[in-house]
Amino acid sequence: MNWQDFEQEQPYAAKILKSGIEKSRVAHAYLFEGDRGTGKRAASMLVAQSLFCENSIDEVEPCGHCINCKRIENGNHPDIHLVEPDGLSIKIEQIRSLRKEFSKSGLESNKKLYIIVDAEKMTISAANSLLKFLEEPNMETTAILLTEQPQRMLPTILSRCQAISFKSLPTNIMTKKLIEAGVHSVKAPLLATITNQLQEALELNDDDWFAQARKIVLKLYEVLKQNPLYVMTALHEEWNGHFKEKQQLEIGLDLLLFIYKDILYIQLGKETELIYPDQHEKFKVDALQISSGRLSKQMTAILEAKRKLNVNINPQLLMEQLVLKLQGGHIFV
Ligand SMILES: [Zn+2]
């Protein structure tokens with residue numbers, strides 16, 4: 001991503017960050033908050049490149065070719081650290097080793113930057129350790145915290161960060177952009193719902209795993225509807241092997257949720273907003289056969305399963321429980 005793309009996708013966030021860099025008034029700590037797919041991570045990398053680039057254009061746009069730009073792109077710049085959840089949380093040891101790393105002077109200059117991904121996943125002790133770090137004044141250190149759920153973070157941390165909101169584009173505008181960029185109109189609404197970033201959407205569009213995921217999810221829905229006895233077999237034969245990682249399963253559950261959302265939208269007469277426009281005729285039949293109450297229970301069950309993904313449940317068990325609820329089984333806890 002370059003600044004031009006960033007300004008198009010997130011005008012508000014881009015303006016604040018760019019003006020900070022231009023005026024050499026970069027905040028000590030930023031909080032990038034916004035939904036998944038709004039480009040927070042790409043923006044943090046862009047800011048890093050702008051700050052470290054050796055021949056930036058107009059002091060802002062990174063050249064993309066110098067050694068610093070390259071190392072940031074490859075994730076191996078010695079003065080830039082990325083902290084990500086280790087399993088389900090960010091642990092105190094991770095913050096401690098970050099602080100230790102930063103107590104040394106910069107390897108190449110005194111400038112340093114760290115990025116904390118999913119910052120709300122810090123344990124309380126990790127958050128308190130980070131807080132001390134944020135309180136130690138160091139003019140040349142920049143922190144960027146990324147989160148989808150700022151409400152789950154310590155207020156004391158939030159108050160030390162300059163918050164930058166990343167907005168989701170309305171799906172219909174994103175869909176239009178994708179179609180203009182050459183994505184098939186049948187696939188565009190789903191991609192626009194999954195991510196707000198044009199580049200990511202275009203990559204997904206060319207991604208075989210994703211294309212296959214869409215097929216498997218639609219097939220599971222068909223099996224649930226027409227052949228419930230076969231549903232466990234369908235899970236074992238196709239689903240479990242395809243949605244192995246937690247993030248993959250999260251996408252799988254989203255894709256499944258969107259089917260029920262479409263059926264609900266048909267019931268509500270919002271047929272122009274379907275995520276699976278090519279399934280319209282089929283879903284129309286289903287919409288007539290299912291009560292909105294049942295539909296909402298099914299959607300709740302999927303959301304519940306998504307939530308459970310964050311508490312280390314066995315994914316196969318999670319799916320088995322979910323399909324029982326979706327096919328109208330009796331286990332409704
Ligand atoms: Zn550069």
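Only the coordinates and a few stated rules stand behind these numbers; no lab work does. What you are looking at is a predicted structure, and each value in this text was computed from that prediction instead of being measured. Using ideal geometry, Cβ is built from the backbone for each residue, glycine included, and neighbour counts are taken over all protein chains shown.
In table form, for the structure just shown:
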{"item": "Scan of the stretch 265-276 for residues that are part of a helix (DSSP H, G or I) and under 15 Å from residue 171 (Cβ atoms), ordered by number", "result": "265, 271, 272, 273"}
{"item": "Cβ-Cβ under 7 Å pairs, at least 6 apart or on other chains, the stretch 63-88 side within 17 Å of residue 141 (Cα to Cα), far side of a type in the set (A, V, I, L, M, F, W, C) and within 10 Å of the ligand (Cβ to nearest atom)", "result": "68/52; 68/53; 72/52; 77/52; 80/72"}
{"item": "Boolean, residue 296 is free of Cβ contacts under 8 Å to residues at least 24 places away in the same chain and loosely packed, with under 13 Cβ neighbours inside 10 Å", "result": "no"}
{"item": "Residue in the stretch 17-36 that is within 15 Å of the ligand (Cβ to nearest atom) and in contact with a His (Cβ under 6 Å, 6 or more places away or on another chain) present", "result": "no"}
{"item": "Output for the stretch 152-189, where each listed residue is in a helix (DSSP H, G or I), without any contact (Cβ under 8 Å) to a residue 24 or more places away in the chain and under 26 Å from residue 26 (Cβ atoms)", "result": "155"}
{"item": "Among residues of the stretch 17-33, those that are loosely packed, with under 15 Cβ neighbours inside 10 Å and in a helix (DSSP H, G or I), counted", "result": "2"}
{"item": "The stretch 216-250, residues that are within 22 Å of the chain's Cα centre (by Cα) and of a type in the set (D, E, K, R)", "result": "244, 245, 246, 250"}
{"item": "Whichever residue in the stretch 129-161 is more than 17 Å from the chain's Cα centre (by Cα) and over 23 Å from residue 79 (Cα atoms) and, among such residues, is surrounded by the most Cβ atoms within 10 Å (Cβ to Cβ)", "result": "153"}
{"item": "Matching residues in the stretch 37-58 - criterion: being over 26 Å from the mean Cα position of the chain (by Cα), outside any strand (DSSP E or B) and either more than 12 Å from the ligand (Cβ to nearest atom) or free of Cβ contacts under 8 Å to residues at least 12 places away in the same chain (or both)", "result": "55, 56, 58"}
{"item": "Set 247, 298, 279: member being out of contact with any Gly (no Cβ under 8 Å at 6 or more places or on another chain), under 30 Å from residue 123 (Cα atoms) and part of a helix (DSSP H, G or I)", "result": "247"}
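Residue by residue, here is whether (1) under 28 Å from residue 18 (Cα atoms); (2) assigned to a loop (DSSP other than H, G, I, E, B); (3) more than 16 Å from the ligand (Cβ to nearest atom) holds:
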residue: 64; (1), (2), (3): yes, yes, no
residue: 69; (1), (2), (3): yes, no, no
residue: 76; (1), (2), (3): yes, yes, no
residue: 82; (1), (2), (3): yes, no, yes
residue: 97; (1), (2), (3): no, no, yes
residue: 109; (1), (2), (3): yes, yes, no
